[in-house]
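See structure below.
The values are calculated or read from the model by the stated rules, or taken from the named source; none is laboratory data. This structure is a prediction, so every number in the text was calculated from the model and none was measured. Cβ: placed from backbone, ideal geometry, glycine included. Neighbour counts: every protein chain shown. Please note that ligands, DNA and RNA were not included when accessible areas were found on the heavy atoms of the full protein model with its side chains. Shrake-Rupley method; radii C 1.70, N 1.55, O 1.52, S 1.80 Å.
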Amino acid sequence: MSIKHFDYVRASSCAEAVALLSDPTHISRPLAGGTDLMVLRHKGEVQWDRLVDISQVPEMRTIVQQGEAIVVGAAVTHAEIVEHPLIQRYLPLLADACHSIGSPQIRNRGTIGGNVANAAACADTLPALVCLDAVARIVTKDGEMAVPVKDVVVGPNRTSLPAASVIRDFVIPIPPAQARMAFFKIGRRQVQSISRLSLACLGWLDADGRVAEVRIVPGACTPQTQRFDQAEAVMLGQVPTEELVRKAGQAGAVQMIAITGRRWSTPYKELALPALIERALRKVFGLPEVR
Amino acid sequence: MSELKSLGKPTRRVDALEKVLGTGRYTHDLKIPGMLVAKVLRSPVPHAEIVKLDVTPALKVPGVVAAITSEDFVDHGNWGFPVKDDYMLAYKKVRYVGDPIAAVAAETEEAAEAGLQAIVLELKELPAVFDVHEALKPDAPILHEELAKAQAEETTSGELEDAEFIEVHGKGNLSETLIVRQGDPLSKLSECDVVLDAAYSVAHQEHAYLETEAALAVPTADGGVTVFVGDQNPFITLSNLVMTLGMPGKVRVVQSPHTGGAFGGKSDMVYETAAQAAMLAIKSGRPVKLVTSREESMIASYKRDAMEMRYRLGATKDGRLRAAKIECWADSGAYASMTPFTSWRATIHAMGPYHYEDCHVDMMCVYTNNGYSGAFRGFGNTEVTAASEQAIDELAEMCGMDPMDFRLKNCVELGDTLPFGQKLEYSVGLKQCLERVRKISDWDRKRAEYSRQPAHQEIRRGIGVASFFHGLSLGAEGLDFAEHTIRLGEGNKFEILTGLSDFGQGSRTVFSLIASEVLGFPVERFQWLPCDTDVVQECGPTVASRSTILGGNATRLAAMRLLTQLYDAAAMMMGCMVPEVRQEGEVFYGPAGQRVTLDELIAYARANHIPLSAKARWEMPRIHWSFAKGRGVPYVAYHFGAQVAEVEVDRRTGVTKVLNIYAVHDVGKVVFPQGIRGQIIGGISQGLGYALMERVEFEKGYIQNPNFDTYLIPTAADMPVVTVEFVESELPFGPFGAKNVAEPSMVPTAPAILNAIYHATGRRIRHLPANLERVLLGYDLKDTVTTTVCQVGVCERAKCEL
């Protein structure tokens, strides 16, 4: 592991960050929390000669309510999200997902924008953000664009982000008051572990007690984090029952295999995923918890 | 014995402040003006012939001052004990990924790195072998041709009774065969009402000490070298340096004030690191520091051996054990290292602390190209107990008996004879440990309650037990002694000089408490000197949980001698006869109301040139084990203990949470209460990792998880509530009755957890670790995209597992 010297510059706005990242005289990488970047550097897998620090850009550092949405700056840390009253009140799913990440040290440094842009297949905020219909607002040298998070990450460590762009923030619609959410994660130890499988789930019932909306998004499961519409279809318009959540779980497993084919981990995940789906649906729709 | 004043009373660890304040210095912290930085070129392949190796181009790199290969050492740096099969830098061949080949010293890290790049190395890859059974086949690639040839010439010549066995398996990569023999278990098994025949395995485990291997070598004016290290055995480091550098009398080894953990792992690679740094210092005439990176440490250092085991146990239908036929294959890896010794301890403990009429154990240590294996907490016993205590549980179930009752029915007691002919003459507290752990864990109620969980229940609890024994100290491995000095030092404090290292286990505090108890002075009256081979006496290695017994006894005897010197001085000072001197703490009284404080007495002694310095040597009773007959007395006595684990298993995801561990250990006598609790809890955390998550993943010889992002060890959140109690069945010749504790603390943890998982789920996991897949599916899954061709230090699987 050779130690490479490099420049460092701190951006004070998104526009400045984009300008710095576009500078053709440097190979630049954006630096937010550095929790992924420093590991890559240690492994010598990426090259750069300048880091553009975007962690202090004011417009990327806030969590605010704008009308019917919460806007979370991309440079907000996981720890800040976990503790923020707006998130706790309206988006507990995101708080749970962020709290499941790494250790306190990693949560104190790592950012939500970095988690998305790094695009690890096991990124814990991805299923939560996709489940919450979050839209990333991206600043590029040609102006701004808004892209749903589900379309930002197109595969493991692959994004649709244009070169020299930065994610400024995420616009997350506030779910209706009757919505309930759940986030589950399986790791190889209790904390500070990489997701073996996770699940974000959100839904609510209509006045007749039928499922009006349901979103089921597994994490660390498919190359692109996505809603499992076949599992959702089992529930939609129905009165939730034990039998129905079991069917939804099975539909989830079938859909997973349809997307990924049978992989080395399939024998495990085709059993564990239905369990997570069932449990999340139970929690969201108020069925008794399993023991 | 009168009531104890210091021993067994809560005490602050003598080096606690330095550690919590961050002022304690470790080898990594050491810096000397003009110091060079060393780096090591390591093998990128598992098995190859060195066709060409030229370090002269490295010397042309700006900043590089010295470069070395095996040619620079005496006899190419050949070393190794008990088998001399290793080299300080590879000679002719490399045998594992990470095998050191050459080393450079340079002004900067960058220059050292560039120097390594410049070395001309041509390797001719050889076929490699990664499986112990494959390695024993006649056509398997041979790792050590010369050793294999010598072995073949030796012939069996009636030395080993089990010649037939060896013939079947071939000899090429078989580094050692070890046996236990009593009766004829195979025929006895055919007479047994109940017979178990099951295969178990355990995985390679990484020590995960916080401080990686490091050495600072400083050339001395006489052309010699002083090496600062953090190791377990300063005198073995010294012997190996003298042997391979070839400068007797001119080498000195000084331990750094602190060492960041060892767990059995600060041996071979520290010797190599020390020798490489020392040779570079000699060649450059400059101080040289060599610090390994985490990846380098994990790839190049030895591991706990992986072991495969077949257990055939027989019992009567009412649950009386009769016969055991046990076969084990230990993966020694590329070098023998300590594997012949760990495997020997494994054979002795493989049947557990129970009665058998007939018992055979056969252990084969096999060379492969999977890194290499050596000492790790428990030293073979951890490996076999993971299997044997599951086998005992399985047999208990076959007999329809509660596992606790089954163990109580079969466990050894004082006066019983172990199945290799040793009569237990002292300190056998196993039955008390089992009875106590049964009570404090509320075993009977929980066992019954968890057995009644309905079949459909998804989150299930289980409770399991494991009991065990662990032989004290080195046993029949070799001469077992320690020699300590207590002498007056600066500030009127008494210095305790020892060759035993304290790398975190707390032996400094134990020795202080023992000296305090004997002399009647507070613990603060004692202080420490670094373990320096020019100053302290050899005490044997700091291994085998032997410090308390060996060093404790040497301290006790030295303190008693010092006390007579103090009484002599006090009598002189007060003008009375020695028997008239009376002592209360740090004050001495004469018959006529004379009163002298210790500080006054010391001043008097200094003024009158009365030396206050006492040395004492203590040796374990000598014993004999017949390696050829597989019988004898392997250890003078044993630690006994039992742990109960209570788990909660999610039967639909495989997630296992350990809720409680109840640990009751027969330690003879508690010397340092906080220290002994720390040992037990620390051991349990390593045992929990061994049970559930730890496994060094070798893929065709390449370690796939060489850092803590992928090699997982338990965090605080994985730890259960731990309840610790002690049985104190005094060891007559232990210091104040004390036995050992460091290794034994982890030995029973993994099987207790596995037995609890079985109780919860009805699924027996015979192969460690019991990861998510094994708990959920009953078998492991293998990632097919693992990396096999990669550079040392950067080889790693994709971080996410899809």
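Atom-type composition of the exposed protein surface of region A:58-173 places 52 percent of the accessible area on carbon and sulfur (1.4 angstrom probe). Between the amide H of A:R10 and those of A:D53, distances stay under 5 Å, these residues lying 5 or more places away or on another chain, with hydrogens modeled in the peptide plane. Modelled spin-label separation between B:K423 and B:T56, with each label point placed 7 Å from Cα along the Cα-to-Cβ direction: 7.1 nm.
Using the heavy atoms of the protein chains and a 1.4 angstrom probe, tell me the accessible area per residue for region B:610-732 in square angstrom. Don't skip to the answer; put the middle values down first.
Numbers: 3880 Å² over 123 residues.
Using a 1.4 Å probe on heavy atoms only, each residue of region B:610-732 averages 32 Å².
Cysteine residues of chain A whose Cβ has no partner cysteine Cβ closer than 4.7 Å: A:C14, A:C98, A:C131, A:C201, A:C221. Round to the nearest 0.05 the FRET efficiency obtained for A:Q190 and B:N492 when R0 = 45 Å and r is the Cβ-Cβ distance. Using R0 = 45 Å, I get an efficiency of 0.35. Put simply, chains A and B cover up around 3600 Å² of each other's accessible surface, both sides summed, when a 1.4 Å probe is used.
Label-to-label distance, B:R445 versus A:S160, with points set 7 angstrom from Cα along the beta-carbon direction: 6.0 nm.
Computed 3J(HN,Hα) for region B:357-364, one whole-Hz value per residue from the Karplus formula 6.51 cos²θ - 1.76 cosθ + 1.60 where θ = phi - 60°, is 6, 9, 7, 10, 10, 10, 10, 10, glycine and proline marked x.
Taking every C-alpha pair closer than 8 Å and separated by at least 6 residues, the mean separation divided by the residue count of chain B gives a relative contact order of 15 percent. When only the Cβ of Lys, Arg, Asp and Glu is charged (+1, +1, -1, -1), the dipole of the protein assembly as shown relative to its Cα centre reaches about 1740 debye.
Computed from phi, the 3J(HN,Hα) profile of region B:761-768 under the Karplus parametrisation 6.51, -1.76, 1.60 (θ = phi - 60°) reads 10, x, 10, 8, 9, 8, 10, 8 Hz, with x in place of Gly and Pro.
Could you work out the local net charge near B:G540, counting Lys and Arg as +1, Asp and Glu as -1, over the other residues with Cβ closer than 12 Å to its Cβ?
Values: positive: B:R546, B:R617; negative: B:E477, B:D480, B:E483, B:E538, B:E619.
So the environment of B:G540 carries a net charge of -3.
Near B:Y335, the amide H atoms lying under 5 Å from its own belong to B:S373; only residues 5 or more places off or on other chains count, and H is placed 1.01 Å from N. Here the spin labels are modelled as points 7 Å beyond Cα on the Cα-Cβ line, and at B:R763 and A:E83 they lie 4.0 nm apart. Which of the three applies to chain B, rounded, prolate or oblate, going by the alpha-carbon gyration tensor with a ≥ b ≥ c and a/c under 1.5 meaning rounded? Oblate is the answer for chain B, as a/c is 1.5 or above yet b/c matches or exceeds a/b.
Karplus-based coupling profile of region B:9-26, in residue order and whole Hz: 9, x, 9, 7, 3, 5, 10, 4, 4, 4, 6, 6, 8, x, 8, x, 9, 10, with θ = phi - 60° in 6.51 cos²θ - 1.76 cosθ + 1.60 and x standing for Gly or Pro. Could you tell me what percent of the accessible area of chain B is made up of carbon and sulfur, with a 1.4 Å probe and every protein chain present? Carbon and sulfur atoms account for 53 percent of the accessible area of chain B.
If you take the Cα Rg of the protein assembly as shown and divide it by 2.2 N^0.38 Å, with N the number of residues, what do you get? It would help to have the intermediate numbers written out before the result.
On the way: Rg = 31.8 Å, N = 1093, 2.2 N^0.38 = 31.4 Å.
The value comes to 1.01.
Between B:T597 and B:Y779, the contour length at 0.36 nm per residue exceeds the Cα-Cα span by 58.5 nm. Residues of region A:172-210 losing 30 Å² or more of accessible surface, assembly versus chain alone, probe 1.4 Å, please list them. By number: A:I186, A:R188, A:R189, A:Q190, A:V191, A:I194, A:R196. Gain on full extension, evaluated as 0.36 nm per residue between B:E435 and B:T220 minus their Cα-Cα distance, stands at 71.5 nm.
For the full complex of protein chains and a 1.4 angstrom probe, list B:C576, B:C411 by accessible area with the highest value first. Before the final figure, lay out each step's value.
Working: B:C576 25, B:C411 5 Å².
Order by accessible area, largest first: B:C576, B:C411.
Fully extending the segment from A:K43 to A:E144 would add 33.0 nm, taking 0.36 nm per residue of separation and subtracting the current Cα-Cα distance.
A 1.4 Å probe run over the protein chains yields, for region A:1-70, 54 Å² of accessible area per residue, whole-number rounding. Exposure check, 1.4 Å probe, all protein chains in place: A:T25 carries approximately 100 Å² of accessible surface.
Once the Cβ-Cβ distance of B:F708 and B:K84 is raised to the sixth power relative to R0 = 45 Å, the FRET efficiency obtained is 0.85.
The distance linking region B:444-517 with region B:306-356 is 23 Å (Cα centroid to Cα centroid, whole angstrom). In this structure region B:336-396 gives 7 Å² per residue of accessible area when probed at 1.4 Å with all protein chains present. In the assembled protein chains, B:D318 presents an accessible area of approximately 90 Å² (probe radius 1.4 Å). The residues of region B:649-667 occluded by other protein chains by 50 Å² or more of accessible area, set against the chain on its own, are B:R652, B:T653; surface from heavy atoms, 1.4 Å probe.
With R₀ set to 56 Å, the beta-carbon distance separating A:T25 from B:E49 gives a calculated FRET efficiency near 0.70. The alpha carbon centroids of region B:1-79 and region A:49-106 are separated by 43 Å.
Comparing each chain alone with all protein chains together (probe 1.4 Å, DNA, RNA and ligands left out), the residues of region B:71-119 losing at least 20 Å² of accessible area are B:E109, B:E110, B:E113. Between the alpha-carbon centres of region B:89-145 and region B:549-609 there is a gap of 60 Å.
Residues whose amide H comes within less than 5 Å of that of A:W264, counting only those at least five positions distant or on another chain, are B:T784 (H built at 1.01 Å from N in the peptide plane).
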